[in-house]
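Heads up, the thing below is written out as C-alpha cells.
Values quoted throughout were computed directly from the atomic coordinates according to the rules given, and no laboratory measurement underlies them. Because the structure is predicted, anything quoted here is derived from the model rather than measured. Every residue, glycine among them, receives a Cβ derived from its backbone with ideal geometry; neighbour counts consider all protein chains shown.
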Amino acid sequence: MNKAQKSADIYDDDDTNTQMMDFNTSSKLHNLNAARQLSNEIAESGSKLFDMLGNERQLRSDRDKALEFLDSISRNLDQNSEQQYIEKCIRNIIDTQTRKMDEMEDTVKQLRQDEAELQNKIGRRRQELERAEKRSKGLENVKPEY
C-alpha cells in the first residue's frame, strides 16, 4: 500500500511532466504497465491479508494460551509453590528415614546386649553342667555303705 501511495505521488509528478511534454505514447505505456503492476501487488497484498485474518482465530487462541503460560510462570517465580512442596516432601522423607535408622540402631544395640546376656547365661550353664558332671562322677566313685 505504501508503495502504491509513493508511486501515485510519482505519477502525479509524471502527469504534470507528461502534460508539458506532448503525451508521448511511450510514457503512457510505461504508466500503464506500472499501474498494472501496482494493481497486481495490491491484489496480492489484499489476498495475503485476507488469509492472515482468516487464521487469526486460531492464532489468537494459541497466543492467549502462550500468554497464560507466561503469566503463570512469572507468578510462580516468586512463590515456587511446586518446588517448595517437593522440597518439603523430600525433607519429610529424609526425616522419616533418619528416625527409622535411629530406631534400627537402637534395636541393634538392644539385640547386642541381649546376645551378650545370653552368652553369659550359656557360659554359666556350662559351668553348672561341668560341676554337675564332676559331682555325678564323684558320686559314682563313692561306694555305698551297705
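Using r as the Cβ-Cβ distance of GLU103 and ARG125, and R0 as 35 Å, what FRET efficiency do you calculate, to the nearest 0.05?
Working: r = 32 Å, r/R0 = 0.92.
Taking R0 as 35 Å, the efficiency between GLU103 and ARG125 is 0.60.
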If you take every residue apart from THR98 with its C-beta less than 14 Å away from the C-beta of THR98, what net charge results, scoring Lys and Arg +1 and Asp and Glu -1? -2
Whole-percent pair-distance distribution, where bins are 5 Å wide, for the alpha carbons of region 105-146: 6, 20, 13, 13, 10, 9, 8, 6, 6, 4, 3, 2, 1
Could you give the nm distance between label points at PHE69 and LEU111, where each point is 7 Å from its Cα heading toward the beta carbon? 5.3
